[in-house]
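Some notes on the structure that comes next.
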Amino acid sequence: QVQLVESGGGLVQPGGSLRLSCAASRSIDNIISMGWYRQAPEKQRELVARTTKAGSTYYTDSVRGRFTISRDNAKNTVYLQMNSLKPEDTAVYYCNAVVAATYWGQGTQVTVSS
């Protein structure tokens, strides 16, 4: 079992940056995949970025080149660096971990607005 706690969300102006953190309750060394999803009001939850145990990464088209996912195994933490934020990035961002089962954090709100 894995507990995930996100932090780092908030209000930022368009063009600004935020870094989200996802702290896991156990070692992430052998977690198959860890990722960030987001859900905007009245929209389906979508995958934003993912990193695998093998070291590969994936980004959805709308964030590629602006967001960077990384993992610090020593701190059991996955990060999402978000740059050049746009109003359409506004959503609740959820951390996700896939081991034998799928686990979710509680979410952190990101609002991009002037």
Can you name every residue in the stretch 68-114 that is small (Gly, Ala, Ser), open to solvent by 20 Å² or more (accessible area, probe 1.4 Å) and assigned to a loop (DSSP other than H, G, I, E, B)?
SER84, ALA100, ALA101, SER113, SER114
Filter the stretch 15-34 for residues that are surrounded by fewer than 21 Cβ atoms within 10 Å (Cβ to Cβ) and touching a Ser or Thr at 6+ places or on another chain (Cβ under 8 Å) and give the result.
GLY15, SER17, SER21, ALA23, ILE32, SER33
Please tell me if VAL5 is open to solvent by 60 Å² or more (accessible area, probe 1.4 Å), at pLDDT 95 or above and closer than 23 Å to THR111 by Cα.
yes
Can you tell me which residue within the stretch 35-67, out of those that are of a type in the set (A, V, I, L, M, F, W, C) and surrounded by fewer than 19 Cβ atoms within 10 Å (Cβ to Cβ), is nearest to TYR103 (Cα to Cα)?
LEU47
Is there any pair linking a residue in the stretch 32-45 that is at pLDDT 95 or above to one that is of a type in the set (Ser, Thr, Tyr) and assigned to a loop (DSSP other than H, G, I, E, B), with Cβ under 8 Å and at least six apart or on different chains, and which?
ALA40/THR90
Only one of (1) at pLDDT below 95; (2) of a type in the set (Ser, Thr, Tyr); (3) within 9 Å of the chain's Cα centre (by Cα) fails for TYR79. Which number is that?
(1)
Among strands (runs of 3 or more DSSP E) completely within the stretch 1-67, the ones holding 2 or more residues that are among the aromatic types (Phe, Trp, Tyr) are 33-39, 57-59
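The values are calculated or read from the model by the stated rules, or taken from the named source; none is laboratory data. Since this is a predicted model, take the numbers as computed values, not measurements. Cβ sites come from the backbone with ideal geometry, for glycine too, and all protein chains shown count toward neighbours. The accessibility values were calculated without ligands, DNA or RNA, using every heavy atom of the protein model including side chains. Shrake-Rupley method; radii C 1.70, N 1.55, O 1.52, S 1.80 Å.
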